[in-house]
Amino acid sequence: MYFLVSIFLDYANFIKYDFEVVDNFLLNPEYDFNIEKLFDIEGFINSHKVEELFYRKFFHTKIFKNFIIKKIYPISLEDKIDILYFDERIVDKKNKNAFANSQYTTYLLSI
């Protein structure tokens, strides 16, 4: 998880909220949608100057697609907790890299 947190610190900035795609996926989990309708791949790659091939392949995996769906529209409490935990890990990582006066509380990690 720490690796994913470190490479996706600002992934939420690149999410596109297209609820039509999400609804189609939720009604039919076999629906194979274009991830670029829900995530700005080009924007992410251009802003990070990263290993393009790795990210392009990763963004088209089923696990990443499911993660983005859960982020946009969490169905269960477990989905909400998973996303919140991941996002709080990101906040925790940013806090460790930030000045003390700009830190944010991580409620779930504080439990």
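The values are calculated or read from the model by the stated rules, or taken from the named source; none is laboratory data. Treat the numbers as computed from the prediction; the structure is a model and nothing was measured. Methodologically, a virtual Cβ is constructed for each residue, glycine included, from the backbone with ideal geometry; neighbour enumeration extends over all protein chains shown.
In region 22-60, which residue that is under 25 Å from L9 (Cβ atoms) and among the hydroxyl-bearing types (S, T, Y) is nearest to the chain's Cα centre (by Cα)?
Here the answer is Y55.
Within the set of pairs 6 or more residues apart or between chains, which connect a residue that is on the phi < 0 side of the Ramachandran plot and basic (K, R) inside region 84-103 to a residue that is assigned to a loop (DSSP other than H, G, I, E, B) and modelled with pLDDT of 75 or more with Cβ atoms less than 7 Å apart?
The qualifying pairs are R89/M1; K93/L9; K94/L9.
Among the residues in region 6-19, are any among the hydroxyl-bearing types (S, T, Y), modelled with pLDDT under 90, surrounded by 11 or more Cβ atoms within 10 Å (Cβ to Cβ) and part of a helix (DSSP H, G or I)? I'd like the intermediate steps shown before the answer.
In the first step, residues of region 6-19 are kept if they are among the hydroxyl-bearing types (S, T, Y); the result is 6, 11, 17.
When the remaining residues are screened for being modelled with pLDDT under 90, the result is 6, 17.
With surrounded by 11 or more Cβ atoms within 10 Å (Cβ to Cβ) added as a condition, the list becomes 6.
With part of a helix (DSSP H, G or I) added as a condition, the list becomes 6.
Yes, there is a match, as at least one residue in region 6-19 is among the hydroxyl-bearing types (S, T, Y), modelled with pLDDT under 90, surrounded by 11 or more Cβ atoms within 10 Å (Cβ to Cβ) and part of a helix (DSSP H, G or I).
Do we find a residue being farther than 17 Å from L4 by Cβ and touching a helix residue (DSSP H, G or I) at 6+ places or on another chain (Cβ under 7 Å) anywhere in region 45-54?
First, pick out the residues of region 45-54 that are farther than 17 Å from L4 by Cβ: 46-47, 49, 52-53.
Still in the list and also touching a helix residue (DSSP H, G or I) at 6+ places or on another chain (Cβ under 7 Å): 52.
Taking every residue of region 45-54 in turn, at least one turns out to be farther than 17 Å from L4 by Cβ and touching a helix residue (DSSP H, G or I) at 6+ places or on another chain (Cβ under 7 Å).
For residues in region 33-80 being loosely packed, with under 10 Cβ neighbours inside 10 Å and assigned to a loop (DSSP other than H, G, I, E, B), which is modelled with the highest pLDDT?
Residue satisfying both the conditions and the ranking: S76.
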